[in-house]
Amino acid sequence: MTNLRSRLVVLFLAIAVCAAIESVAFAQPPAGAAAPQAGAPPQAGAPPARGGGAGGPGGGRGGRGGGLPGATTEQNQAIANMNAALAPLTEAATAARNELMTVTFAEQKDPTAIRTAVEKLQAAELALATKRADEFAKIQASPNKLSAEQVTALVASGGNLQGGGRGGGGRGRGGTE
């Protein structure tokens, strides 16, 4: 019984980490936002700008910070397409994770319900991981193939990185950029 409880605690912690990563990773850029300029170096130590412009007179450095290093507009679009294809499976995994949390913290402990919820979450995560691998393989087989550095950034983001540097029509820093 202690082994089962230890496993549940580890599973709970893993789920909490995954949920935290997902909540950050699924921040969507504004509709119609301009893509970053390819090869533009990030500003070290600067906090990510929110809703800034795309540079030039009256525009800031833009966007959400981070992103794929040196990504092209086409690579950012490929990642956005991958995320769109994964959205239903991500939602299913989130629902399964929430169900597990509900049965875990139920008034009366129900080992059968917990086991069933764990199995449902396992199936949802397996489906998501498989689809993510398929979608990533499509990107890597295309002209939009990601570099090793970009793949590292994608993995560090939990696999759901929206290209960085995107932003709306903000004013930046007084229009001098």
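Assorted remarks:
- The ranking of Met82, Met101 from fewest to most other beta carbons within 10 Å of each one's beta carbon is Met101, Met82.
- Under a 5 Å amide H cut-off, with hydrogens placed 1.01 Å from N, Leu68 pairs with Gly164 among residues at least 5 apart or on other chains.
- Paramagnetic label zone (point 7 Å from Cα along Cα-to-C-beta, Ala84; backbone N under 17 Å) in region 123-162: 132, 135-136, 138-139, 144, 160-162
- Between Val151 and Glu119, the C-beta separation translates, for a Förster distance of 45 Å, into a calculated FRET efficiency of about 0.90.
- Under 13 Å, Cβ to Cβ, from Ala85 - net charge with Lys/Arg +1 and Asp/Glu -1: 0
- Per residue, the convex hull spanned by the Cα atoms of region 73-148 measures out at 89 cubic angstrom.
- ³J(HN,Hα) computed for each position of region 119-129 - Karplus, 6.51 cos²θ - 1.76 cosθ + 1.60, integer Hz, glycine/proline x: 5, 5, 5, 4, 5, 5, 5, 5, 4, 5, 5
- Electrostatic dipole magnitude of region 73-148 [Cβ: Lys, Arg +1; Asp, Glu -1; Cα centre; debye, to 20]: 180
Computed from the coordinates by the stated procedures, all read-outs in this text should not be read as laboratory data. If you're wondering where the values come from, they're calculated on a predicted model, not measured in any experiment. For neighbour counting, all protein chains shown are included, and Cβ atoms are generated from backbone atoms with ideal geometry for every residue, glycine included.
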